[in-house]
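Some notes on the structure that comes next.
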Amino acid sequence: MKAYKSLSREELQTLLVELESAFEDAKGKGLNLNMARGKPSAAQLDMCMPLLSQIDEASDCISEGVDCRNYGEVTGIAEAKKLMGDMIGVPAENVIVCGNASLPIMYDTISRSVTFGVNGSTPWCKLDKVKFLCPVPGYDRHFAITELFGIEMINIPMTQSGPDMELVKQYVENDPAVKGIWCVPKYSNPQGITYSDDTVRAFAALKPAAEDFRIFWDNAYAVHDLYEDTKDTLLEIFSECKKRGNENIVYEFCSTSKVTFAGAGIAAVASSKENLKWFEKTMTIQTIGYDKLNMLRHVRYFKDINGIYEQMKKHADFLRPKFEAVLQVFDTELSGLEIGSWIRPHGGYFISFDAMEGCAKEIVAKCKEAGVTLTGAGATFPYKKDPKDSNIRIAPSFPTPEEMVEAANIFVLCVKLVSVKKLLGLF
């Protein structure tokens, strides 16, 4: 297909008439499709129903001598620590298991740092300036947490191997106000990029100017591969840090939110013993213990890490056709037009699309007008400000494959329409 930028003004105007007519037809269908958030489908949730019947009587409630119906075990039961540690390749002794999702753990970790400091360092609330590095595009909920606490966020461009590590090193090793960095290291949200071994080693080797700098390693998609033969591998950061005597530098987060029930999984944080001791100091005030019965249900359901791997193969069977449906429409309808680019992820929950500069907000608005809801333009950047107004996150997991084809066709129609208007200088 001919690139839109090479078309004459007359050709663009003719194309605009055709696209506007097609858009009016699309609006007339009265669609209501949602590609905004990475929610598992009902079929995926149904697959996990046997988890609920793992505990039927009192004798089922005992985990290695611990009655999970009672108080105690603030840091989680031993069996769950091993299961979650195995999921991310970290020893059980370096794991705390908490509630149903990792986001509250990350929120609490930031809040704890602001209020009480990090391992005895000055509380962030008493500092003149606190800064956080944010690989972009990135996860909107990460950015929302640091924005809520008034922490200054700094954009770090993503590359095909992860964040720009030269820039990360420059900030971390020279500015003591830089206290952390958000990372989704495997199948990053939204691009689906997995950090290279060199990138992980560069993180582990950082020599921060601030003693309380921490890497917030949100390993949300550790086992979320779409393809068995082309799945990405992520170097395990905790052991790399330990090799360098730098084990305090990282907090690693994970959960079963997209493994079992999105609203009723189990979540964990892994770190050095020194860091976890600091966590536990305030946790014993905050809670009398998280839901140990839910931890035990998960352990009994999976039995071991191989049970998780088998479960994730079933999830991949649900997700793969939806991703491929979207990517097929993109390849067929947009290849060669030079009005957008996209990444073909090997796992995770999202597809990242980069439109022509200055077009993302208008594309999202047009999609909404035609009955297709997307994540808000700008959401993948701190303060919801995409400097190029280009990135759009697509979440294929919730609709059916047939709905995804329909939604993807509406999306590409809007991309074409907005791009032509942009080239004609109409907005």
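The values are calculated or read from the model by the stated rules, or taken from the named source; none is laboratory data. Just so you know, these numbers come straight off a predicted model, no measurement behind them. Here the Cβ positions follow ideal geometry from the backbone for every residue, glycine too, while neighbour counts run over all protein chains shown. Areas reflect the complete protein model, heavy atoms only, side chains present, ligands, DNA and RNA absent. Shrake-Rupley method; radii C 1.70, N 1.55, O 1.52, S 1.80 Å.
On inspection, T115 does not qualify as assigned to a helix (DSSP H, G or I) and within 24 Å of C241 (Cα to Cα).
A single member of C125, C134 is touching a His at 6+ places or on another chain (Cβ under 9 Å) and modelled with pLDDT of 95 or more, and it is C134. Assess whether F381 counts as being of a type in the set (F, W, Y) and touching a Pro at 6+ places or on another chain (Cβ under 6 Å). When the stated conditions are applied, F381 does not pass them. Applying the condition of being charged (D, E, K, R) and assigned to a helix (DSSP H, G or I) to the range 57-102 and asking which residue is surrounded by the most Cβ atoms within 10 Å (Cβ to Cβ) yields K81. Of all the listed residues (L45, L33, L7, L51), the sole one being surrounded by 14 or more Cβ atoms within 10 Å (Cβ to Cβ) and farther than 26 Å from L319 by Cα is L7. Of all residues in the range 348-367, those satisfying the criterion of being touching a Ser or Thr at 6+ places or on another chain (Cβ under 8 Å) and either on the phi > 0 side of the Ramachandran plot or among the charged types (D, E, K, R) (or both) are G348, D354, E357, G358.
Inspect the range 12-30 for any residue being touching a residue at least 24 places away in the same chain (Cβ under 8 Å), over 30 Å from T332 (Cβ atoms), under 34 Å from the mean Cα position of the chain (by Cα) and open to solvent by 50 Å² or more (accessible area, probe 1.4 Å) and give the result as yes or no. There is no residue in the range 12-30 that is touching a residue at least 24 places away in the same chain (Cβ under 8 Å), over 30 Å from T332 (Cβ atoms), under 34 Å from the mean Cα position of the chain (by Cα) and open to solvent by 50 Å² or more (accessible area, probe 1.4 Å).
Tell me, please, whether a residue that is touching a residue at least 24 places away in the same chain (Cβ under 8 Å), assigned to a strand (DSSP E or B), in contact with a helix residue (DSSP H, G or I) (Cβ under 7 Å, 6 or more places away or on another chain) and farther than 24 Å from E247 by Cβ can be found in the range 145-153. There is at least one residue in the range 145-153 that is touching a residue at least 24 places away in the same chain (Cβ under 8 Å), assigned to a strand (DSSP E or B), in contact with a helix residue (DSSP H, G or I) (Cβ under 7 Å, 6 or more places away or on another chain) and farther than 24 Å from E247 by Cβ.
In the set S188, S239, which member is surrounded by fewer than 24 Cβ atoms within 10 Å (Cβ to Cβ) and either in contact (Cβ under 8 Å) with a residue 40 or more places away in the chain or of a type in the set (D, E) (or both)? Working first, answer last.
Numbers: S188 fails: surrounded by fewer than 24 Cβ atoms within 10 Å (Cβ to Cβ).
Sole residue among the options that is surrounded by fewer than 24 Cβ atoms within 10 Å (Cβ to Cβ) and either in contact (Cβ under 8 Å) with a residue 40 or more places away in the chain or of a type in the set (D, E) (or both): S239.
Per-residue answers, yes or no, for (1) touching a Leu at 6+ places or on another chain (Cβ under 7 Å); (2) in a helix (DSSP H, G or I):
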{"site": "K2", "(1), (2)": "no, no"}
{"site": "L12", "(1), (2)": "yes, yes"}
{"site": "F23", "(1), (2)": "yes, yes"}
{"site": "R37", "(1), (2)": "no, no"}
{"site": "P40", "(1), (2)": "no, no"}
{"site": "L45", "(1), (2)": "no, yes"}
{"site": "L52", "(1), (2)": "no, yes"}
{"site": "I55", "(1), (2)": "yes, no"}
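The residue that is farthest from Q191 (Cα to Cα), among those in the range 125-134 that are open to solvent by 10 Å² or more (accessible area, probe 1.4 Å) and not in a loop (DSSP other than H, G, I, E, B), is K126. Could we say that E166 is open to solvent by 40 Å² or more (accessible area, probe 1.4 Å), of a type in the set (D, E, K, R), without any contact (Cβ under 8 Å) to a residue 12 or more places away in the chain and not in a strand (DSSP E or B) here? So E166 passes the test. Here the range 260-294 is the region considered, the condition is being assigned to a loop (DSSP other than H, G, I, E, B), out of contact with any Pro (no Cβ under 6 Å at 6 or more places or on another chain) and of a type in the set (A, V, I, L, M), and the residue that is most open to solvent (accessible area, probe 1.4 Å) is I288.
No other residue among I145, I154 is more than 21 Å from S272 (Cα to Cα), of a type in the set (V, I, T) and over 17 Å from the mean Cα position of the chain (by Cα) apart from I154. Of note, D56 satisfies the criterion of being modelled with pLDDT under 95 and closer than 18 Å to N294 by Cβ. Restricting attention to the range 109-129, which residues are touching a strand residue (DSSP E or B) at 6+ places or on another chain (Cβ under 9 Å) and under 16 Å from Y251 (Cβ atoms)? Selection gives T109, I110, S113, V118, W124.
Do we find that A177 is crowded, with 23+ Cβ neighbours inside 10 Å and under 22 Å from T109 (Cβ atoms) in this structure? Give the derivation first.
Details: crowded, with 23+ Cβ neighbours inside 10 Å: no; under 22 Å from T109 (Cβ atoms): yes.
Spelling it out, it is not the case that A177 is crowded, with 23+ Cβ neighbours inside 10 Å and under 22 Å from T109 (Cβ atoms).
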